[in-house]
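Data block below; observations after.
The values are calculated or read from the model by the stated rules, or taken from the named source; none is laboratory data. For clarity, every value in this text was computed on a predicted model and none was experimentally measured. Cβ: placed from backbone, ideal geometry, glycine included. Neighbour counts: every protein chain shown. For the accessible areas, the whole protein counts, side chains as well, though only heavy atoms, and no ligand, DNA or RNA atoms are used. Shrake-Rupley method; radii C 1.70, N 1.55, O 1.52, S 1.80 Å.
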Amino acid sequence: EIQDQVSQLQSQVGSLKDDLANSQQQAESLSHQKNESDQKLHELSNQLQSLTTHLEVAQGTISSLEDKLRAKNEYCEQFETIEKKLICEKNVLNEIRRTLHNKVIQLTGNIRVYIRVRPLISSEQQLAATLATRPSSASGRPSSRGSIASAPSSQQQQQQEECFHFPGVADRKINGASKSPNYTSFSDLSKQTIELTEPHRDRGGLNPRRKKWKYGFDKVFNPVNDQADVWEGAEPLVQSAIDGHKVCMFAYGQTSSGKTHTMIGDSVNRGLIPRAVEKLFASKKEIERSFAGNVSVSIKVELLEIYNEEVFDL
């Protein structure tokens, strides 16, 4: 019986040893795992500390951005207040400008007459050169076929004079035209003037008598003036139309006098119509922008033709 008990105890001791060996292995494995966990915990602690630092920096940046945003919002509010004030002042000043502009238009005359003298075209220049170089005798009559053309005389040089003269205010006073009752508009110092001289004609040796006509107009455009000068004179009338007044502009003159060029022009030298349309649409955009899109401006166009005193709807 004792031997059986000893063998049982030995068997139990061997089993306990195996359990102890397994426990030791488990303890070593757990210890290894603990070390790895400690290492990971240390790494995570470092990461947490780094993230905490970044978070503090981010919070400081957010706070700074919030301050800047708050300052910008305050600035925007001040800007909007100033903008509204300036828009109100602009509307008031624009109303004053419209009133004063209308008074200026009325004082200068609701009906205005402008005159424009175009330059000579190539065919007219050739004709003038031919007349200027035509030989003549001392009596003023054309020379015979056997005579030799000489240099242009003083009389021929006078033929080259321009028929149009544009005297200034001082010239009108010096010439004494302001005292003549026949030149009332010419004597008006508020007018721009033009003086027309009859072209030279061969009077068979008699002294040349060339008639002169003098007129005054609201504007006089000589051949040197370009399309921009004409638009400068007509732009106030277009502004009156934008201000709400009825305005009519038209060109009158004989064929080939330059009406189409003045009113329409070309791609380089634009006339009154393209410039007026551009100003109308620019003012339309400005009005709509000033009311922040709450107002819509519409423009309607009606195209008519007057031919032989009859109106045709184009």
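Structural remarks
- When Glu43, Glu77, Glu95 are screened for being within 36 Å of the chain's Cα centre (by Cα), farther than 30 Å from His245 by Cα and of a type in the set (D, E, K, R), only Glu77 passes.
- Test: residue in the stretch 73-88 that is among the hydrophobic types (A, V, I, L, M, F, W, C) and farther than 30 Å from Ser290 by Cβ: no
- Among the conditions (1) over 29 Å from Glu83 (Cα atoms); (2) surrounded by 10 or more Cβ atoms within 10 Å (Cβ to Cβ); (3) without any contact (Cβ under 8 Å) to a residue 40 or more places away in the chain, the only one that Tyr307 does not satisfy is (2).
- Restricting attention to the stretch 262-304, the residues that are under 25 Å from Val224 (Cβ atoms), surrounded by 15 or more Cβ atoms within 10 Å (Cβ to Cβ) and within 15 Å of the chain's Cα centre (by Cα) total 5.
- Qualifying residue in the stretch 75-94 (condition: closer than 30 Å to Glu286 by Cα, part of a helix (DSSP H, G or I), acidic (Asp, Glu) and open to solvent by 100 Å² or more (accessible area, probe 1.4 Å)): yes
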